[in-house]
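One structure is given below, encoded as structure tokens.
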Amino acid sequence: MLKIFGIDFIFSFVFSFLFYLLLNKVCFINNTKAYIFSGIIFLFIFVGFFFLSYYIYKIKKKIEELNQKIDKMSKIDEITGIYNRDFLLENLKKYIEVSKRKNLPLSIMIIEIENFKEINEEFGFERANEILKKVSNVLKNNVRGMDLVGRYSINEFLIASFSTKDEILKFANRLHPILREIKIDGINLRINIGVIERKNLNSINEILKQAEEAIFLAHKKGGNRIDFLEHFLLLD
């Protein structure tokens, strides 16, 4: 509301007052009644401009809110409320550049809901979406302020953290049992977490490929587990 009494308000007052002075100079000279009448006209003009300014302000505010919604939609996944894939990967590139430039450790983990397809088929997409929201809430409530978290694919999430191998594995081991406790009609989630440390990996494609191979390795070992991958497997 303070904006109403800012530039638009000043404009309304100045324009109305100048019009009032001009009206008096041109039409009314040394006439008390005329001055009173012109004062009333001034008030009407001022009120008119004030409400016009208020209306313009409301339009500007709605446009600003709409732009904010559009900006949010371009960044946020509609179901989970965390970053969507495009914005996630865009920021991951920045994290990689910071890691290289400042020689900081950077670790990536992909969190996969292994039995998501079965849940979706048995309980429907609405219940499956509830699971996605619960998982994303756990991630949001457990990451650090500088960590990057977003939805990577239909049933996968990604976290990027300026952490060493030991730090990220400690985090993954703390996170894994919390996620496995999430249930739907008595059925626990099966969660795979693939973890890598960037080290000499310089491109986002290499980093994502190795993190995905860590998930593949978890599947090969029976699933519902954490795996750390230091070197590429055989995936092309």
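Nothing in this text is a laboratory measurement; each read-out follows from the coordinates by a stated rule. If you're wondering where the values come from, they're calculated on a predicted model, not measured in any experiment. Neighbour counts run over all protein chains shown; Cβ positions are idealised from the backbone, glycine included.
Each part reduced to its alpha carbon centroid, the range 86-105 and the range 132-172 end up 15 Å apart. In loop segments of the range 68-171 as defined by DSSP, the trypsin sites (Lys or Arg not before Pro) with at most 16 further C-beta atoms inside 10 Å of their C-beta are ARG144. Projected onto their three principal axes, the Cα atoms of the range 85-228 cover extents of 48, 30, 24 Å, largest first. Once the Cβ-Cβ distance of GLU230 and GLU64 is raised to the sixth power relative to R0 = 45 Å, the FRET efficiency obtained is 0.40.
For the peptides 105-112, 203-210, residues were scored by their other Cβ atoms within 10 Å and the scores averaged per peptide; the highest-first order is 105-112, 203-210.
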